[in-house]
Amino acid sequence: MVSLSAAAVRPILAMYRVISSVSTTLRRCVLVGGVCATWLGLALPAAALEVPACQQGGAAQASPALAQRLAAMALHEHEQMGGALIDETGGLVRAGFAEAERDRLPDSAMPTWQRVWGYWESAGLGTPVDPDGPTAVMRMALVDTPWSAAFISHLMRQAGLDDTQFTFAATHQSYVRAALASNSAEAQNTPTPYAYRACDVLTTAPRVGDLLCHVRAPDEAMDTFARLALLLLWRAPAMHCELVVRGDSQRIEVVGGNVVQTVVLRRLSLQADGSGRLWPAYLASAHARQAALAAVPPPEGAAQSLLPDTHLSLQPWNVLLQLRQGVLPSTARP
């Protein structure tokens, strides 16, 4: 048996206490959904989690011209990519053109793969591979490289936003993180040029021009606004966002890229209480559903035990990026 001296044991115990303290802090923040006063030296102010402005706008349109311009561009791309549709029940009822194919509408000279390639170029993000390489390699790169954030960045760039108003990036978490940071400035009455604030999707009604976002594997457990804010303190989670393009008292429609390998329009029902908020059943993440099934397995032979979950809209939606009032594209400023 190996024996250790007291001097050797002390640093081991000290490290154990640090790890135990960090673990306890993180566990409390995640389970309670509260605010960590400090974690590994990083503060998470309450203002960053929510700002009153998220609720003050209600269903009113924040920046009508910009919001409508974004919606029109997204709907145009959706049409040019074949018009894929996911209905309120989460079913893919119409397929679109796949990202790396040569399909196109009769009145378009641009094949699908070139259109998707153009999202990267127009957003200023570079390209997945050398644009002067073989066409086959370029097309394969579009399959292997997630492009949903490039699609959103393309829309924002084409709408005239500049680098102070939006964080153009190949990952959604980059501009979600920037929106969350802008909450703190806004709460302190400090002017912020950033076009979006981060709001809790549970309590905020989506409007045209807003971005509806959720986390992706392996971060499905971060399925609330507070948990996401905590996670963003220390690493970059996998995320996905879609632009709200239309809405009424019963539903909203959102457009997103790289969904079933195309640009998709998704219909989502709203609560029946007139609040304009998303129907809460959509917020049930795969992580939560799997945990529920593990706790109470369905009867043998039941549909739940025989079929995979094919509802494409049951996602851990957890943050709404709300377009701020009076945002003007840089191209439209005097």
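Derivation of every value follows stated rules applied to the coordinates shown; laboratory data play no part. The model shown is predicted, which means the values in this text are computed figures rather than measured ones. Cβ: placed from backbone, ideal geometry, glycine included. Neighbour counts: every protein chain shown.
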Run the simple label-point estimate for residue 102 and residue 55 please: 7 Å along Cα→C-beta, distance reported in nm. 5.7 nm
Can you tell me the order of 115-128, 93-106 when each peptide is scored by its average per-residue count of other Cβ atoms within 10 angstrom, highest first? 115-128, 93-106
Å³ per residue of the Cα convex hull, for the range 65-332? 155 Å³
Run the quick spin-label model on residue 203 and residue 310: label points 7 Å from Cα toward the beta carbon, then report their separation in nm to one decimal. 3.8 nm
Point-to-point label distance, residue 221-residue 140, nm (Cα→Cβ direction, 7 Å offset): 3.7 nm
